[in-house]
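To start, the structure itself, in structure tokens.
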Amino acid sequence: MVGILNLLTIRPCPTVPDVRRRSEEALKRSAEVDAGGISMKVQDDKVVLEGGVRAWHERGVAERTAWSVPGVTAVENHIRIN
């Protein structure tokens, strides 16, 4: 053996405040959702979405946005259609 090449990268585990901040920022960046009607709770690595949106599509976008945040392993979507 001539040598070893280690390409592993260790990333720190996201904290609850970090997941909350990233989730809120992602939701605000989404142009397809009126984020003002959605509240978000973060419990460890789970995001709980509540509130109301105007269309079924917005509900799905909000859920997909929550799932896209690093560190999120579960999403509960309780958003209602107004």
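Each residue of segment 11-27 in turn: what ³J(HN,Hα) in whole Hz from Karplus with 6.51, -1.76, 1.60 and θ = phi - 60°, glycine and Pro shown as x?
Values per residue, Gly and Pro as x: 10, x, 5, x, 8, 4, x, 5, 5, 4, 4, 5, 5, 5, 5, 5, 5 Hz.
Counting DSSP beta bridges with both partners in the chain, what percentage is antiparallel, nearest 5?
Of those bridges, close to 45 percent are antiparallel.
Pulled fully out, how much extra length does the chain show between Ala55 and Asp18, if you take 0.36 nm times their separation in residues and subtract their Cα-Cα distance?
Net length gain for the segment: 10.4 nm.
Considering every Cα-Cα pair within segment 16-64, what fraction, in whole percent, is farther apart than 18 Å?
Counting pairs separated by more than 18 Å, the tail of P(r) holds 22 percent.
Give the long-range amide H neighbours of Glu76: residues separated by 5 or more places, or on another chain, with amide H under 5 Å away, using H modelled in the peptide plane at 1.01 Å from N.
Val47, Val48, Leu49
Taking the Cα centre of the chain as the origin, how large is its charge dipole in debye, to the nearest 20, when only Lys and Arg (+1) and Asp and Glu (-1) carry charge on their Cβ atoms?
I would put it at about 80 debye.
Find, among the trypsin sites (Lys or Arg not before Pro) in segment 29-82, those assigned to loop by DSSP (not H, G, I, E, B) with at most 14 other beta-carbon atoms within 10 angstrom.
Here the sparse-neighbourhood loop sites are Arg54.
Normalised by the residues of the chain, what does the relative contact order come to in percent, with Cα pairs under 8 Å and at least six apart?
31 percent
What area, in nm² and to one decimal, does the C-alpha convex hull of the chain cast on average over all directions?
It is 7.0 nm².
Rounded to the nearest 0.05, what FRET efficiency do Asp44 and Leu7 give with R0 = 35 Å and r taken as the Cβ-Cβ distance? Could you check?
The computed FRET efficiency comes out at 0.70.
No value in this document is a laboratory result; all are computed from the given coordinates. Here the structure is a predicted model, which is why all the values come from computation and not from measurement. Cβ sites come from the backbone with ideal geometry, for glycine too, and all protein chains shown count toward neighbours.
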